[in-house]
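Participant: One structure is given below, represented as structure tokens, and several questions about it will come after.
The values are calculated or read from the model by the stated rules, or taken from the named source; none is laboratory data. Note that this is a predicted model, so its numbers are computed, not measured. Cβ coordinates were reconstructed from backbone atoms using ideal geometry, including for glycine residues, and neighbour counts include every protein chain displayed.
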Ligand code: FES
Ligand code: FES
């Protein structure tokens, strides 16, 4: 059984922007690329993954490899699906529920584009099996559920106001990671945000705008003088 590495925004304090406490990026990539999920030749071991706020259980049964019925709780609704146990939460959301806000970029827990919330914690949904999320009964929240239809969440609005996106491909992941971080650290400093969002990458380099947005939503003054890094 392997622990699922934490998203940096879950940590009380992160170090060197690595994906989890005590796990270097090289080891993390090895784990997830490996994979960290318990997959057997014939199927998936039930209860093998460790999800936020849920105690680890001993693997109890082999499921699959054919599709099985599962129910995911997404944005407050129970969604019934038939899925092969190997399907990740990210693919379940995008390919089976048409919730395409979470993006598939690295597909191995390094970029944060796929960030969603599980029981209020940010997770890389490409590293979680849908069947594990279903079995645990976890409440899943995606960017689509952040604000009511036709409205914009204040955090998303702050990204717009602070030029926190260019192509926007990384933005849903950043917003969800930022929301989880602000829920745990309501008034972060610029450097807090810089560390706390260390698990999300932006190829357009919009880091300054993202950090400014998050700091200002937390009531801070934005970017300190002489902070010109990206
Ligand atoms: S797609 Fe999941 S972390 Fe990159
Ligand atoms: S805005 Fe383009 S990758 Fe972040």
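Participant: Would a scan of the range 149-165 turn up a residue that is modelled with pLDDT of 95 or more, part of a loop (DSSP other than H, G, I, E, B) and within 15 Å of ligand 1 (Cβ to nearest atom)?
Facilitator: There is no residue in the range 149-165 that is modelled with pLDDT of 95 or more, part of a loop (DSSP other than H, G, I, E, B) and within 15 Å of ligand 1 (Cβ to nearest atom).
Participant: Can you confirm whether the range 147-166 contains a residue that is surrounded by fewer than 18 Cβ atoms within 10 Å (Cβ to Cβ), more than 15 Å from residue 201 (Cα to Cα) and touching a strand residue (DSSP E or B) at 6+ places or on another chain (Cβ under 6 Å)?
Facilitator: Scanning the range 147-166, I find no residue that is surrounded by fewer than 18 Cβ atoms within 10 Å (Cβ to Cβ), more than 15 Å from residue 201 (Cα to Cα) and touching a strand residue (DSSP E or B) at 6+ places or on another chain (Cβ under 6 Å), so the answer is no.
Participant: Any residue in the range 119-138 that is within 10 Å of ligand 1 (Cβ to nearest atom) and assigned to a strand (DSSP E or B)?
Facilitator: Yes.
Participant: Quick one: would you say residue 168 is assigned to a helix (DSSP H, G or I), at pLDDT 95 or above and within 12 Å of ligand 2 (Cβ to nearest atom)?
Facilitator: no
Participant: If I go through the range 92-120 residue by residue, how many of them are without any contact (Cβ under 8 Å) to a residue 60 or more places away in the chain and either buried (at least 20 other Cβ atoms within 10 Å of the Cβ) or under 28 Å from residue 205 (Cβ atoms) (or both)?
Facilitator: So the answer is 9.
Participant: From the list 78, 134, which one is touching a residue at least 40 places away in the same chain (Cβ under 8 Å), over 27 Å from residue 203 (Cβ atoms) and not assigned by TED's automatic domain parsing to the domain that holds residue 175? Lay out the reasoning, then the answer.
Facilitator: On the way: 78 fails: touching a residue at least 40 places away in the same chain (Cβ under 8 Å).
Sole residue among the options that is touching a residue at least 40 places away in the same chain (Cβ under 8 Å), over 27 Å from residue 203 (Cβ atoms) and not assigned by TED's automatic domain parsing to the domain that holds residue 175: 134.
Participant: For the range 196-209, indicate whether the set of residues that are away from ligand 2 (no atom under 16 Å from the Cβ), over 24 Å from residue 70 (Cβ atoms) and either surrounded by 24 or more Cβ atoms within 10 Å (Cβ to Cβ) or touching a residue at least 24 places away in the same chain (Cβ under 8 Å) (or both) is non-empty.
Facilitator: yes
Participant: May I ask you to verify whether residue 201 is within 15 Å of the chain's Cα centre (by Cα), within 16 Å of ligand 1 (Cβ to nearest atom) and not in a helix (DSSP H, G or I)? Steps first, please.
Facilitator: Working: within 15 Å of the chain's Cα centre (by Cα): yes; within 16 Å of ligand 1 (Cβ to nearest atom): yes; not in a helix (DSSP H, G or I): yes.
Criteria met by residue 201.
Participant: Could you go through the range 212-228 and let me know if any residue there is assigned to a helix (DSSP H, G or I), closer than 22 Å to residue 125 by Cβ, at pLDDT 95 or above and within 16 Å of ligand 1 (Cβ to nearest atom).
Facilitator: Narrowing the range 212-228 to residues assigned to a helix (DSSP H, G or I): 212-217.
Checking which are closer than 22 Å to residue 125 by Cβ leaves us with 214.
Filter again for at pLDDT 95 or above, leaving 214.
Still in the list and also within 16 Å of ligand 1 (Cβ to nearest atom): none.
No, the range 212-228 contains no residue that is assigned to a helix (DSSP H, G or I), closer than 22 Å to residue 125 by Cβ, at pLDDT 95 or above and within 16 Å of ligand 1 (Cβ to nearest atom).
Here is a yes/no grid of residues against (1) touching a strand residue (DSSP E or B) at 6+ places or on another chain (Cβ under 8 Å); (2) modelled with pLDDT under 55:
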site: 42; (1), (2): yes, yes
site: 46; (1), (2): yes, yes
site: 94; (1), (2): no, no
site: 99; (1), (2): yes, no
